[in-house]
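The next block holds one structure in the form of structure tokens; read it before the comments.
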Amino acid sequence: MSDVPLTSTPDVEPPAGLPDISVMDFWTGDRAARRTAFRQLRDTPGLPFYPERMLADSPIPPGPGYYALTRHDDIWHASRNAQLFCSSRGGVNIGDLNTELSEFFGSMISMDDPKHFRLRSIVSKGFTPKHIGALEGQIQRAATNLVDRMIAEHPDRRADFVEAFAGPFPLAIICSMMGIPETDTKQIFDWTNTILGVGDPEYGGTYEALLQTALEIFAYAQALGEDRRANPTDDITSALMHAELDGDRLTAQEFGSFFILLVVAGNETTRNAITHGLKALTDHPEQRDLWFADFDTHARTAVEEIVRWATPVIHFRRTVTADTELSGVQLHEGDKIVMFYESANRDERVYERPDEFDVTRAVNPTQVGFGAGGPHFCLGANLARREITVAFDEIRRRLPDLRATGEPDYLQSNFINGIKRLPCAW
């Protein structure tokens, strides 16, 4: 049960006879019950309408409510029609932010074209196949070094998997690729926990802590970007600060907001996918044996299955820009829709045996853990796939019997499907 007080949309009640997915208790409660609830919503015609509930200390008053999208096809449709379901009007989280705050926290994920196209076109120059290929050695070294350290620091062969491997692994890669000194990685890690830990008392849990942390990350990023513009090196920060589109470059402010997006999204999502992956492979040893016996053959499908199974980002919101219809429901300009990726990735209409973990599952139909296509598809998806592949290949070769030994300690969040701690042994 969450002890974080909430305020609610006035005069809006959850749909009668359906589970109330707008309360925090739904997200901190039994996960099997959560899957059952989403199955019920997928099987209910139309789109249920829910009240908005916000943290009591939030400066954002609850809005008019939102329509919940839980079926794969509906989420795919909304994601592929960005002109009709936009990101810039109030942002991509349920509560409304003004444009300045929305872009400050969300960078390009809170923009629409042409601003989105301009910014994504510039920053994508730092994520070309050449740049990602150059990271291969860094990814492998990070995995090797962390396994070395796990073995050396845990002679009893027991550890917290998040602390020992899944947390520092993607963070080490992001810090290396951005040119962040190793001495600053602990600070970056703590910042990302606070940003995505809103609602979880362990990480501060308040909007005040969120705003203070965001300002600290922003100032750090601006200083880093300005330094690399004046003193370029071979890192991606330098590539981003010097990338041009028709003579246009990132401002230090734009880089600061993109940096928040990159270090938070790039660290937390991959960290949680790897952690959920270890738990899934522990719970389904026959799938672990199948994959590890012929790793390269099954690597692509196994990684996509881990992301489907984990769905690290639970939802994003869009705003309707013109009257339209979806699943038989008339939507009007200004209405909010919330796309629950976690539900879409278990949709029986799309996946056979969706509640079974299967490392050989075909990659089509596409899982929506990286988004459901469209202009906001995850820019770092290929980097995340490579990190997950290398992580489990290193585990397979060095710690082939590594397994979870207890239940995860889950993040209290309706936004990130996070695991704070997972005991493991080998």
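The values are calculated or read from the model by the stated rules, or taken from the named source; none is laboratory data. Bear in mind that the values here come from a model prediction, so they are computed numbers and not experimental data. Please note: Cβ atoms are built from the backbone with ideal geometry, for glycine as well, and neighbour counts cover all protein chains shown.
Hey, does the range 406-418 have a residue that's over 30 Å from Lys130 (Cβ atoms), among the charged types (D, E, K, R) and modelled with pLDDT of 95 or more? So that I can check it myself, show each step before the final result.
Taking the range 406-418 first, the residues over 30 Å from Lys130 (Cβ atoms) are 406-418.
So of that shortlist, the ones also among the charged types (D, E, K, R) come out as 407, 409.
So of that shortlist, the ones also modelled with pLDDT of 95 or more come out as 407, 409.
Yes, that holds for at least one residue.
Of note, Leu278 does not satisfy the criterion of being modelled with pLDDT of 95 or more, of a type in the set (A, V, I, L, M, F, W, C) and more than 20 Å from the chain's Cα centre (by Cα).
When the residues of the range 387-413 are filtered to those that are of a type in the set (Asp, Glu) and not in a loop (DSSP other than H, G, I, E, B), which remaining residue is surrounded by the fewest Cβ atoms within 10 Å (Cβ to Cβ)? By that ranking, first place goes to Asp409.
Would you tally the residues in the range 93-119 being of a type outside the set (A, V, I, L, M, F, W, C), buried (at least 21 other Cβ atoms within 10 Å of the Cβ) and in contact (Cβ under 8 Å) with a residue 60 or more places away in the chain? Explain how you work it out, then say what you get.
Filtering the range 93-119 down to residues of a type outside the set (A, V, I, L, M, F, W, C) leaves 93, 95-96, 98-100, 102-103, 106-107, 110, 112-116, 118.
If we keep only those that are buried (at least 21 other Cβ atoms within 10 Å of the Cβ) too, we end up with 102-103, 106-107, 110.
This time we only want the ones that are in contact (Cβ under 8 Å) with a residue 60 or more places away in the chain, so: 103, 106-107.
Number satisfying all stated conditions: 3.
Of all residues in the range 14-36, those that are under 22 Å from Phe49 (Cβ atoms) have Cβ atoms under 6 Å from Cβ atoms of residues that are part of a loop (DSSP other than H, G, I, E, B) and hydroxyl-bearing (Ser, Thr, Tyr), 6 or more apart or on another chain, in Met24/Ser2. Number of residues in the range 313-362 that are crowded, with 18+ Cβ neighbours inside 10 Å, in a loop (DSSP other than H, G, I, E, B), touching a strand residue (DSSP E or B) at 6+ places or on another chain (Cβ under 7 Å) and not β-branched (Val, Ile, Thr) equals 2. Against the conditions (1) out of contact with any helix residue (DSSP H, G or I) (no Cβ under 9 Å at 6 or more places or on another chain); (2) assigned to a strand (DSSP E or B), Cys424 satisfies every one except (1).
Here the helices (runs of 4 or more DSSP H) wholly within the range 202-301 that include at least 3 residues being surrounded by fewer than 18 Cβ atoms within 10 Å (Cβ to Cβ) are 207-230, 252-283, 285-293. Among helices (runs of 4 or more DSSP H) entirely within the range 22-110, having at least 3 residues that are touching an Asp or Glu at 6+ places or on another chain (Cβ under 8 Å) and not aliphatic (A, V, I, L, M) singles out 31-43.
Which ones in the range 120-174 are under 19 Å from Thr269 (Cα atoms) and not in a helix (DSSP H, G or I)? Phe127, Leu135, Asp160, Gly167 - these are the residues of the range 120-174 that are under 19 Å from Thr269 (Cα atoms) and not in a helix (DSSP H, G or I). For beta carbons closer than 9 Å, sequence separation of 6+ or different chains, a first residue in the range 370-389 that is on the phi > 0 side of the Ramachandran plot and a second that is surrounded by fewer than 20 Cβ atoms within 10 Å (Cβ to Cβ) and hydrophobic (A, V, I, L, M, F, W, C), the qualifying pairs are Gly371/Phe377; Gly371/Cys378; Gly371/Ala381; Gly374/Ala82. Can you say whether Pro15 is modelled with pLDDT under 95 and within 18 Å of Ser327 (Cβ to Cβ), as far as the supplied structure shows? Yes: the conditions hold for Pro15. Checked against (1) in a helix (DSSP H, G or I); (2) surrounded by 15 or more Cβ atoms within 10 Å (Cβ to Cβ); (3) hydrophobic (A, V, I, L, M, F, W, C), Ile180 meets all criteria but (1).
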